[in-house]
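Student: Could you have a look at this structure, given as structure tokens, before my questions?
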Amino acid sequence: MFLEDEFAIGRIRARRISVSVLVAVTAFAACIAAILGLASAARAAETPQASAQLAALVRPNDVNSGSLLFPSKEPGFYVEAPRLKTDVAIDVSGPIARVKVTQRFQNPSQGWVEGTYVFPLPDNSAVDALKMQIGERFIEGQIKPRQEAREIYEQAKAEGKKTALLEQQRPNIFTNQVANIGPGETIVIQIEYQQTIHQSGGEFSLRFPMVVAPRYNPAPIVQTVEFNNGAGFATPRDPVENRDKIEAPVLDPRENARINPVSLTVDLRAGFPLGDIKSSFHAVDISQDGAQARTISLKADTVPADKDFELTWKAAPGKMPSAGLFREVIDGKTYLLAFVTPPTAPDTATPPAKREVVFVIDNSGSMSGPPIEQARQSLALAISQLNPGDRFNVIRFDDTMTDYFKGLVAATPDNREKAIAYVRGLTADGGTEMLPALQAALRNQGPVATGALRQVVFLTDGAIGNEQQLFQEITANRGDARLFTVGIGSAPNTYFMTKAAEIGRGTFTAIGSTDQVASRMGELFAKLQNPAMTDIAATFQGIKAEDITPNPMPDLYSGEPVVLTAQLPDDKPAGKLQIVGKTGDQPWRVEMDIANAADGNGISKLWARRKIDDFEARAYERQDPAALDKDIETVALAHHLVSRVTSLVAVDVTPSRPADQPLGSAKLPLNLPDGWDFDKVFGENTAPPGGGERHGSATPAGNAGQEQAAAETQDLAASPEIANMMAAAPTAKAATMIAQKSTTVNLPQTATRADEQIIRGLTMLLLALTAASGLAVWRRRLKRIIAVGVKRNGL
């Protein structure tokens, strides 16, 4: 009986202990809740950075339709991308164009952002001015060595100052970074450049590129391991310079409206009576101002930046100028720009030389759609124009290659028909492994037959990032062959196409639509079938020129003018410019009196641009890369030009972004070039890995990195919740694509729920410890009760 009483008392005491523990736990939990409330209040009151960052993030339903959203690291939240509008004003005066490009970066979000825009300019442009407009103020950009300009920009960005940095990634690809664009602000950046007008076959033309086409970037090459130095390691050599700088997110045109609107006007003052004027790819309005001047504007107020703008004009019948000489005096020196069109070679009874023509056609994914059709038509027409005594071959490539005849064959009707049928059956897919095809065309066709002329005709859009690797191949293995490039599509890589033809002593032809196939290929046939003017040289009589560019002078083909610039040592030179050359065995010479030169603007910039090009062209001959870079830097700094080693940077001296406000960063998306097939370029149902074509394309991390990125994209899109949120971005594919190519917004520690998670974890730990402690006390009391009962009852 006593034992039962003791057990009853023990149970009562145990209940009291449990109640005490429960009360203690409840009190402790209340304290924790109070702490959490205070922490939350303190966070809201004491960390404006957090609330500002959260305010900068948006949910899909918070923005208007058409907004571009970048996924952030905060689930369910996005960042609105900066928006861009571009205005282009082109002033043509005789053989020179001065172009002003105004880029308006608008920040539609509630946070502070940095925008990076990858954009093209003509490959012969001399970029010399950068202005940043803030309100009514204009801030002039300063030319600096590339690394110094980058350091100035990064420091200004960190200090909250508005700043802009213009860098050259290729002669025709530039990046403009603009930092500290405030909520709802628009920052205006103006870029200006000079360029010469192109002339061929009695037609003048200028081209303004509007979009950087996605580039195929081959994987880095692992060099042979050198054991003789004891290191035992191989160093990868990347064939793609500034790989990450030339890539940008690309929107699928099937699921997104065209973005980046462009307005454009041309003030054309030709210097001679004008005849036909045409815009090749855009509808325009043309107004006349006398016989020699026209104003050209887009018929639509704006057009999307998805294809090049090309304008061509001819002189009125009988008014075509055959020569021109212009001068500009700067800092006591005279700069000359001269052009002269040699007469057409006289007809002779000598039969044309036999030709050995190697046709190379690109049928990679970027050529899908209208481009491959243009290429097929062009190549079929070229094959049909072969003479019976010629020999030829056809090579096609994507990320594989086919040498159709496995060597040169006679251009018999049967062989021509076989080749044309083969070409017409080609479809476009895969990556752009151009180097093996180029090597096969230059190395594997056997020796040139006696008295024959070897020609390589290369049809491609040039959408590759390893240009220098290909230039080296042409330089090393061209031999006696001449390389003619044919640029296909709405946004060809004109830098690669032009430079490859120049190194290959050929010429470049651009075909942007099927309507141009017959006329442009006809011009090319005339150049292929007529001998080039060779041994061209320029000298001065009565005065010594300090420098003449280009050096050496290139060969010329039918209808092409000699175009040169020169630097003379004084401001009042006298004497004559003499240009000589040879067509076959026929000599040719022309003289121009310097005193009769007309005044021109910007010629010094054009001379400096060409001087830099000469340095770059001879880079393979230079043993000291640092000395080469220094020579380029000296010329670029002296003439305020952007180059591979110099950049323009503009900084507002007044900080605008508060120190406690974070800065988001993202690349601005680009349109897919007009006529391109998104799936063929990037792969069906897959976001573009690294901005290049999916099939065969390689990032610095290799194919494994691509597969991982693709897997992550699929996992992300597989979640219904995430997919629904990304659908307004404006689509899941677009959002995942942009996410892979953009810098995500790093939320500060105080803006996340990490602190609450830590406190909750500690709370649970303390609750567990308290419960364990109460249980231990109850067990000890129970043991004592049982021990006492046993002792008293003699058990």
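Student: Test of understanding: what is the full-extension gain from Asn601 to Ile330, defined as 0.36 nm times their sequence separation minus their Cα-Cα distance?
Tutor: Gain in length upon complete extension: 96.6 nm.
Student: Residues with beta-carbon under 10 Å from that of Ala437, excluding Ala437: net charge, scoring Lys, Arg +1 and Asp, Glu -1?
Tutor: -3
Student: Provide the FRET efficiency to the nearest 0.05 for the Glu621-Val580 pair, computing r from the beta carbons and using R0 = 22 Å.
Tutor: E(calc), rounded to 0.05, equals 0.30.
Student: Through the Karplus equation 6.51 cos²θ - 1.76 cosθ + 1.60, θ set to phi - 60°, convert the phi angles of the stretch 116-129 into ³J(HN,Hα) values in whole Hz; use x for Gly and Pro.
Tutor: For the stretch 116-129, the Karplus-derived couplings read 10, 10, 9, 9, x, 9, x, 5, 9, 6, 9, 7, 10, 9 Hz, x marking Gly and Pro.
Student: Using the alpha carbons of the stretch 483-561, what is the convex hull volume per residue in cubic angstrom, as a whole number?
Tutor: Per residue, the Cα convex hull of the stretch 483-561 comes to 108 Å³.
Student: Then there's this: Expected output is a single nm value to one decimal: the length gained when fully extending between Leu637 and Thr475, i.e. 0.36 nm times separation in residues minus the C-alpha distance. What is it?
Tutor: Working: separation 162, 0.36 × 162 = 58.32 nm, distance 2.91 nm.
Roughly 55.4 nm would be gained on extension.
Student: What list of ³J(HN,Hα) values in whole Hz, one per residue of the stretch 320-337 in order, does the Karplus curve 6.51 cos²θ - 1.76 cosθ + 1.60 (θ = phi - 60°) give from phi, with Gly and Pro shown as x?
Tutor: With coefficients 6.51, -1.76 and 1.60, one gets 5, x, 9, 7, x, 9, 10, 9, 9, 9, 9, 6, x, 10, 9, 10, 10, 10 Hz.
Student: Which value in nm describes the separation of the simple spin-label points at Gln155 and Asp679, placed 7 Å from the Cα toward the beta carbon?
Tutor: 5.3 nm
Student: If the chain between Ser297 and Ala421 were fully stretched, how many nm would it gain, using 0.36 nm times the residue separation less the Cα-Cα distance?
Tutor: 40.4 nm
Student: When Tyr495, Tyr193 are ordered from fewest to most other Cβ atoms inside 10 Å of their Cβ, what list results?
Tutor: Ascending Cβ contact count within 10 Å gives the list Tyr495, Tyr193.
Student: Ranked by Cβ crowding within 10 angstrom, fewest neighbours first, how are Met553, Met533, Met210 ordered?
Tutor: Result, fewest neighbours first: Met553, Met533, Met210.
Student: For Phe309, list long-range residues whose amide hydrogen, built 1.01 Å from N in the peptide plane, is under 5 Å from its own amide hydrogen.
Tutor: When sequence neighbours closer than 5 places are left aside, the close amide H contacts are Phe208, Met210.
Student: For Ser384 and Met320, what does the FRET efficiency come to when R0 = 22 Å and r is the distance between their Cβ atoms, rounded to the nearest 0.05? Can you show the working numbers first?
Tutor: Working: r = 31 Å, r/R0 = 1.40.
Given R0 = 22 Å and the Cβ-Cβ separation, E is 0.10.
Student: Classify the stretch 389-487: rounded, prolate or oblate, from the alpha-carbon gyration tensor (a ≥ b ≥ c, eigenvalue square roots; a/c under 1.5 rounded; otherwise prolate if a/b is larger than b/c)?
Tutor: oblate
Student: Quote the FRET efficiency, to the nearest 0.05, computed for Arg589 versus Asp244 with a Förster distance R0 of 60 Å and r equal to the Cβ-Cβ distance.
Tutor: The value I calculate is 0.75.
Student: Arg269 label point, 7 Å along Cα→Cβ, cut-off 20 Å on backbone N: hits in the stretch 176-201?
Tutor: Output list for this probe position: 192-198.
Student: Residue by residue through the stretch 201-210, which ³J(HN,Hα) values in whole Hz follow from phi under the Karplus form 6.51 cos²θ - 1.76 cosθ + 1.60 (θ = phi - 60°), with glycine and proline marked x?
Tutor: In residue order, the calculated couplings are x, x, 10, 9, 7, 9, 10, 10, x, 10 Hz.
Student: Could you let me know the centre-to-centre spacing of the stretch 169-189 and the stretch 621-670, using Cα atoms, in angstrom?
Tutor: Here the answer is 12 Å between Cα centres.
Student: Same structure again: Leaving out same-chain residues fewer than 8 places away, which lysines sit with a Cα under 16 Å from that of Lys582?
Tutor: Answer for Lys582, where 16 Å is the Cα cut-off: Lys527, listed by chain and number.
Student: Taking the Cα-to-Cβ direction at Thr539 and at Ile134 and moving 7 Å from each Cα, how far apart do the two end points lie in nm?
Tutor: 5.7 nm
Student: Of Lys100/Lys611; Lys157/Lys667; Lys605/Lys630, which sit over 20 Å apart, Cα to Cα?
Tutor: Too far apart for the 20 Å limit: Lys100/Lys611.
Student: Right, another one. Computed on alpha carbon atoms, what radius of gyration and Dmax characterise the stretch 355-529, expressed in Å?
Tutor: My reading of the Cα-based Rg and Dmax gives 14.4, 41 Å.
Quick note: the coordinates plus some simple rules give every number you see, no bench work behind them. Keep in mind the model is a prediction, meaning the values are calculated, not measured. In this analysis, Cβ positions are derived from the backbone assuming ideal geometry, glycine residues included, and neighbour counts consider all displayed protein chains.
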